[in-house]
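Okay, so here's the structure we're looking at.
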């Protein structure tokens, strides 16, 4: 029986690079697709009603409430502020304060994105506790 | 006519490399398609610069309230009315240490609808909310229209 075998036997020849790169790139794509996407978000608080006596005057006077009306005009404790300056103004106010808490009240016709923008700016200004002043929060307070 | 030797019977070894290649590509296609086929409520999240990672929203037992652009509320992907929301959330948080509720609101949902849902959740005893948003890098992206 003649050796009618084509191709070399024994040691492997030169590896074909193209299929190798092909398979490796496909594996890379698979791992890129697998990476989990972690949800990101902003923390907000809706305080439960205070069961004890009413909070004293000093606390009420010191609360910072950022409001946005239907015309998207922002105000801090009734003082109108341009939204571009909101972040710096908040940083200013909280330079002398330890309790980094603000409340946000928005007109119901606004979009959630508008309020999210304010919360975002507040987070950027370093305020950790942001309360949402909803109708129920205001009533229960 | 000289007798030519008969050609040996054709035996083909399967080329493994192209096989593996095609299989992996099919695998990728299915890996990409499957999450999109799940019942996912379409919500365009608000774009923010300073969100923090909230990995607990991915958990099986995470309480997620979704609010679409037209104001429909969903509790863990199931449609629910705002009135039922309080009772259902109260059930879900009973016996839990972490009473955080995640709110996945569309950026163009009316804030009034979001407030109603938030009030309902608050009535169930929840204080801590996580408002889910997407992260953007460049500060110039936020449209600040006066």
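Roughly how large, in nm² to one decimal, is the mean projection of the convex hull of the alpha-carbon atoms in the stretch A:57-140?
For the stretch A:57-140, the mean projected area of the Cα convex hull comes to 5.5 nm².
May I ask for log10 I(q)/I(0) of the protein assembly as shown at q = 0.07, 0.10, 0.11, 0.15 Å⁻¹, from a Debye sum over the Cα atoms as equal point scatterers with solvent left out?
One equal scatterer on each Cα of the protein assembly as shown leads to -0.41, -0.64, -0.73, -1.16.
Please check: in the Gaussian network model of chain B (C-alpha springs, under 10 Å), which one of B:80, B:25, B:65 has the largest mean-square fluctuation.
Result for chain B, Cα springs under 10 Å: B:25 fluctuates most.
Please give the contour-minus-distance gain from residue B:108 to residue B:5: 0.36 nm per residue of separation, less the Cα-Cα distance, rounded to one decimal in nm.
Stretched out fully, the residue B:108 to residue B:5 stretch lengthens by 29.1 nm.
Give me A:20, B:24, B:75, A:42 sorted ascending by neighbouring Cβ count inside 10 Å, so fewest comes first.
Neighbour counts put them in this order, fewest first: A:20, B:24, B:75, A:42.
Roughly what % of DSSP beta bridges within the stretch A:57-140 run antiparallel, to the nearest 5?
Once the DSSP bridges in the stretch A:57-140 are tallied, antiparallel ones form about 40 percent.
Go ahead and estimate [θ] at 222 nm for the protein assembly as shown from helices alone: -39,500 (n - 2.57) per DSSP H run with n ≥ 4, summed, over the residue count, rounded to 500.
-11000 deg cm²/dmol
Mind jotting down the distance between the C-alpha centroids of the stretch A:68-101 and the stretch A:102-139, whole Å?
11 Å
Can you give the angle from 0 to 90° between the axis of helix B:82-93 and the longest principal axis of chain B, with both taken from C-alpha atoms, to the nearest 10?
So the helix axis and the longest Cα principal axis differ by about 70 degrees.
Taking each residue of B:50-61 in turn, how many C-beta atoms of other protein chains fall within 10 Å of its C-beta, and what is the average?
The per-residue average across the peptide is 4.
Can you give me the pair-distance distribution of the stretch B:1-105, C-alpha pairs, 5 Å bins, whole percents?
2, 8, 13, 13, 12, 10, 6, 5, 5, 4, 4, 3, 3, 2, 2, 2, 2, 1, 1, 0
Debye calculation, C-alpha points only, no solvent: report log10 I(q)/I(0) for chain A at q = 0.09, 0.16, 0.18, 0.20 Å⁻¹, in the same order as the q values.
-0.46, -0.90, -1.07, -1.25
Using 7 Å Cα-to-Cβ label points, what is the residue B:96/residue A:25 separation (nm, one decimal)?
4.5 nm
Which residue, A:16, A:61, A:98, tops the fluctuation ranking in a GNM of chain A built on C-alpha contacts under 10 Å?
Per the Cα network of chain A with a 10 Å cutoff, A:16 tops the list.
What list do you get for A:18, B:68 if you sort them by fewest beta carbons within 10 Å?
A:18, B:68
Where does helix A:83-93 land angle-wise versus the long Cα axis of chain A, in degrees 0 to 90, nearest 10?
It is inclined by approximately 70 degrees.
Could you work out the relative contact order of the stretch A:57-140? I mean the mean sequence separation of Cα pairs under 8 Å and 6+ apart, divided by the number of residues, in percent.
Normalised by residue count, the contact order of the stretch A:57-140 is 31 percent.
Under the definition of partner shielding as Cβ atoms of other protein chains within 10 Å of a residue Cβ, what is the mean value for peptide B:122-129?
Whole-number average of other-chain Cβ neighbours for B:122-129 is 5.
How far is helix B:16-37 tilted off the main Cα axis of chain B, in degrees rounded to 10, range 0 to 90?
Between the helix axis and the principal axis of chain B, the angle is about 20 degrees.
No lab work stands behind these numbers, since they all come straight from the coordinates. Keep in mind it's a predicted model, so treat the numbers as computed, not measured. Neighbour counts are summed over all protein chains in view; Cβ atoms, including those assigned to glycine, are modelled from backbone coordinates with ideal geometry.
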